[in-house]
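A.B. asks: This is the structure I have questions about; it appears just below.
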Amino acid sequence: MSNVDRTISAAALRTRLKTFGRPLLFILVFVLAVWSIWILELHQTDFSGGADGLTFLYGAAIPPEMSVLEVGLRGLLETLYIAYVGTLFGVLLSLPVSLVASRNLFPWYLTLPARWFLAVLRVLPSILWAVIFVILIGTGPAAGVFAITLYTIGFIGKLEYEAFEGLDNEPIEAVSSLGATRLQILRFVVLPQAINSLISQTMFMFEYNVRHAAAIGIVGAGGIGYYIMGYLDFLQYDRVIVLLAIVFLAVLVIDELSYRLRSFFLGDTSTSLSK
Amino acid sequence: MTRSSPPIRCRGLSVGYDEDPVLEDLSFTVGNGSTVALVGRSGCGKTTLLKTLAGILDPLDGEATVLSTSLPQSPPPGELGYIPQSLGLVMHETVLTNVLHGRLSDLGRMRSLLGRFPADAKTEAREAIERVGLDGYEQSRVKELSGGQRRRVAIARAFVQEPRVLLADEMLSELDGETAQSIVDCLVTLQQETGMSVVIVEHNLDVAKDISDTVLRLGAGGIEDRIESVSTREPVTQQSHE
């Protein structure tokens, strides 16, 4: 079979897959959804006690106890510190690993272990890493920073090596044939080409980590979550609601800031269908 | 390597991807200071051959020596220049930085890490930028330049590198006649000054004859024809696009 024949048969196969593949995919998605709902018995959920629960929560939380505002802001600040330091350490430590994990830059016997390493760090969510560090080094923000750092390495490391593998290969080939070393290729071609994606991913990671740093306090790893858990233990819902509102507002502000900064580094992403 | 031995020599060379040969049994030499043009229809293997000579693809069979080094080993750093079809420039970087890439082989490990080039390299790079007519664009990002200007950046990089052999893939495609001529002039100047040998991929036979000493017409899995041309270096006319 000639190269041309092979190309034609591959194209025919692709067309057939497109014709029959899409309806099959939709059916598969639908069947899987119904199956999952059935297995989880979601259709038998009892909502009858919901209204009573809501009434109880409303009565216990309203009016909010505003005297905890200062405690909440202090907790929020600690959460932001944990997210910032954890993100910074995580991004810096992930860079060398993600470079080695990129298939277009290193041979498979180096990329494979690097990918496994990143996958292992991603297996546990940051809250479970926080449980481990609380056991190892005790409660407090240090456990939170370590937990966020480890999870960040695993999570952003994957995004980074995917960004490196998506780069245009011709500058790498051209500069490589000029006699550049691997270090020079990474420093002068790979990182400058990927820098905007890296900055954008770092912003996204920080935003993500703020939410998670708030949650990991629940297991004793510092931040505002630590205070939320404390008030929940004593059923002080009027205080809990104030702290939750602080987290909600902080996440909204950071989301918006992060979006604007990422748009700036990636170019204008504000294209709208409404135009 | 003595200057008299040809910088590129191929004997029974087969090139292709994944053990699937595109061109087979190629035998040719490229002499010192000469220009060889590779012509042929799209997909005939021009770029594959060039990538093999550049050390990006391993030869499938036969022998190829580039600057006294048998492929797939790499020739001494800095002696081989390669300009791929899309020029291989780092689009987010400035013109000056891209041109300085031609001097990477002189840079030590610490300077590489810090991204610091010596002052004489910067002076040379600025001179090269001026010679290709891009003075005033040193700090412009390559992505902001036109296609013709980007090609000049690639040539300025070669000026700074001064390679013994330059491999260039379709340097003149999609350019108007005037711009193409200025690119050819830059290339000829560089060749006259450094005595480098050039292998250029060009799809237009008339242009190929005009700019080279030998034209190798590729097709049907090998070299179909060899044309020894008397290069007149006359102005390049409007390019036909594929």
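The values are calculated or read from the model by the stated rules, or taken from the named source; none is laboratory data. Note that this is a predicted model, so its numbers are computed, not measured. Reconstructed Cβ throughout: ideal geometry from the backbone, glycine too, with neighbour counts over all protein chains shown.
A.B. asks: Just to verify a result, which residue in region A:161-179, among those that are part of a helix (DSSP H, G or I) and touching a residue at least 24 places away in the same chain (Cβ under 8 Å), is farthest from the other protein chains (Cβ to nearest Cβ)? Before you say what the answer is, go through the steps one by one.
C.D. replies: Taking region A:161-179 first, the residues part of a helix (DSSP H, G or I) are A:161-165, A:169-177.
Narrowing further to those that are touching a residue at least 24 places away in the same chain (Cβ under 8 Å): A:161, A:163-165, A:169, A:172.
On the way: A:Tyr161: 19, A:Ala163: 13, A:Phe164: 14, A:Glu165: 17, A:Asn169: 9, A:Ile172: 8 Å.
Here the residue is A:Tyr161.
A.B. asks: Name every residue in region B:97-126 that is more than 7 Å from chain A (Cβ to nearest Cβ), of a type outside the set (D, E, K, R), out of contact with any helix residue (DSSP H, G or I) (no Cβ under 6 Å at 6 or more places or on another chain) and not in a loop (DSSP other than H, G, I, E, B), in order of residue number.
C.D. replies: Passing the criteria: B:Thr97, B:Met110, B:Leu114, B:Ala119, B:Thr123.
A.B. asks: What are the pairs, 6+ residues apart or on separate chains, where a residue within region B:73-91 that is in contact (Cβ under 8 Å) with a residue 24 or more places away in the chain and at the interface with chain A (Cβ under 7 Å from one of its Cβ atoms) has its Cβ under 6 Å from a residue that is assigned to a strand (DSSP E or B) and among the hydrophobic types (A, V, I, L, M, F, W, C)?
C.D. replies: B:Leu80/B:Val165; B:Gly81/B:Leu166; B:Tyr82/B:Leu167; B:Ile83/B:Ala168
A.B. asks: Oh, and also: Which residue pairs have Cβ atoms closer than 8 Å, lie 6 or more positions apart in sequence or on different chains, and pair a first residue in region A:43-67 that is touching a residue at least 24 places away in the same chain (Cβ under 8 Å) with a second residue that is surrounded by 10 or more Cβ atoms within 10 Å (Cβ to Cβ) and among the aromatic types (Phe, Trp, Tyr)?
C.D. replies: Within 8 Å, the pairs are A:Leu57/A:Tyr237; A:Ala60/A:Tyr237; A:Ala61/A:Tyr237.
A.B. asks: Scanning for something part of a loop (DSSP other than H, G, I, E, B) and out of contact with any His (no Cβ under 9 Å at 6 or more places or on another chain), does region A:180-189 turn up at least one residue?
C.D. replies: First, the residues of region A:180-189 that are part of a loop (DSSP other than H, G, I, E, B): A:180-181.
Right, trim to out of contact with any His (no Cβ under 9 Å at 6 or more places or on another chain) and you get A:181.
Yes; the residues of region A:180-189 include at least one that is part of a loop (DSSP other than H, G, I, E, B) and out of contact with any His (no Cβ under 9 Å at 6 or more places or on another chain).
A.B. asks: Let me confirm something: among A:Gly217, A:Gly230, A:Gly225, which residue is assigned to a helix (DSSP H, G or I) and either free of Cβ contacts under 8 Å to residues at least 24 places away in the same chain or among the charged types (D, E, K, R) (or both)? Outline the logic, then answer.
C.D. replies: Details: A:Gly217 fails: either free of Cβ contacts under 8 Å to residues at least 24 places away in the same chain or among the charged types (D, E, K, R) (or both); A:Gly225 fails: either free of Cβ contacts under 8 Å to residues at least 24 places away in the same chain or among the charged types (D, E, K, R) (or both).
Result: A:Gly230 is the single residue among A:Gly217, A:Gly230, A:Gly225 that is assigned to a helix (DSSP H, G or I) and either free of Cβ contacts under 8 Å to residues at least 24 places away in the same chain or among the charged types (D, E, K, R) (or both).
A.B. asks: Inspect all residues belonging to region A:109-121 and state whether any of them is outside any helix (DSSP H, G or I), under 16 Å from the mean Cα position of the chain (by Cα) and in the same structural domain as A:Tyr231 (by TED's automatic domain parsing). Can you show your working first?
C.D. replies: We begin by selecting, within region A:109-121, every residue outside any helix (DSSP H, G or I); these are none.
Checked against the condition, which is being outside any helix (DSSP H, G or I), under 16 Å from the mean Cα position of the chain (by Cα) and in the same structural domain as A:Tyr231 (by TED's automatic domain parsing), region A:109-121 yields no hits at all.
A.B. asks: Name the single residue that is surrounded by the fewest Cβ atoms within 10 Å (Cβ to Cβ) among those in region A:227-236 being of a type in the set (Phe, Trp, Tyr) and closer than 18 Å to A:Leu76 by Cα. Before you say what the answer is, go through the steps one by one.
C.D. replies: Of all residues in region A:227-236, those of a type in the set (Phe, Trp, Tyr) come to A:227, A:231, A:234.
Next, only the ones that are closer than 18 Å to A:Leu76 by Cα stay: A:227, A:231.
Numbers: A:Tyr227: 23, A:Tyr231: 20.
Residue satisfying both the conditions and the ranking: A:Tyr231.
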